[in-house]
Amino acid sequence: MMKLRPEIHIRQNIYFQLFFWIALFVFGIARTYGEYDGIIIRELVIYNFCHWIFQIIGANFIYYILIRYFFDRRKYVTFSIGLIISLYMISVINRIFIVYLAEPFSQTCLKIVSSVFSRISDTFYSIILFQSSVGHLYSFQ
């Protein structure tokens, strides 16, 4: 078996982490894309992104700290207690983050995005009406 230099191993691990979590997020969005309307899918993207952050933190903490440090050293009781406590704490922090930060932020973002989209669509509609009325004036001459 070929030994890798530590910096290559770290770089590969970072690339794997980036690819894995982005792919998981994209597949999760693609899975729900056909089930909901446009405004709801935007809210789901923001909501899923907020959960995604804590999934990454939780999974990496469990793997790199609990499994590698306690489980691999056969400290099963300490691992089990650490796992239960960390799952509970990550869930509580995630819920607090979602309720007090993500949901108000997503509602604000949705209002802003809806306002921007309605202004853009109103502008395009006005341009289309203007062009059709100008074209209509030229056609009678």
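Residue-by-condition table, conditions (1) under 9 Å from the mean Cα position of the chain (by Cα); (2) open to solvent by 80 Å² or more (accessible area, probe 1.4 Å); (3) charged (D, E, K, R):
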residue	(1), (2), (3)
18	no, yes, no
35	no, yes, yes
46	yes, no, no
51	yes, no, no
54	no, no, no
62	no, no, no
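Evaluation of residue 42 against the conditions (1) at pLDDT below 85; (2) surrounded by fewer than 12 Cβ atoms within 10 Å (Cβ to Cβ); (3) part of a helix (DSSP H, G or I) shows that the sole unmet condition is (2).
One residue is enough: does the stretch 20-30 have a residue meeting the conditions modelled with pLDDT under 85, among the small types (Gly, Ala, Ser) and either loosely packed, with under 14 Cβ neighbours inside 10 Å or more than 20 Å from residue 101 (Cβ to Cβ) (or both)? The answer is yes; a qualifying residue exists.
The values are calculated or read from the model by the stated rules, or taken from the named source; none is laboratory data. This structure is a prediction, so every number in the text was calculated from the model and none was measured. Because the Cβ atoms are built from the backbone with ideal geometry, glycine has one as well, and the counts that use them run over all protein chains shown. The area values use the complete protein model at the heavy-atom level, side chains included, leaving out ligands, DNA and RNA. Shrake-Rupley method; radii C 1.70, N 1.55, O 1.52, S 1.80 Å.
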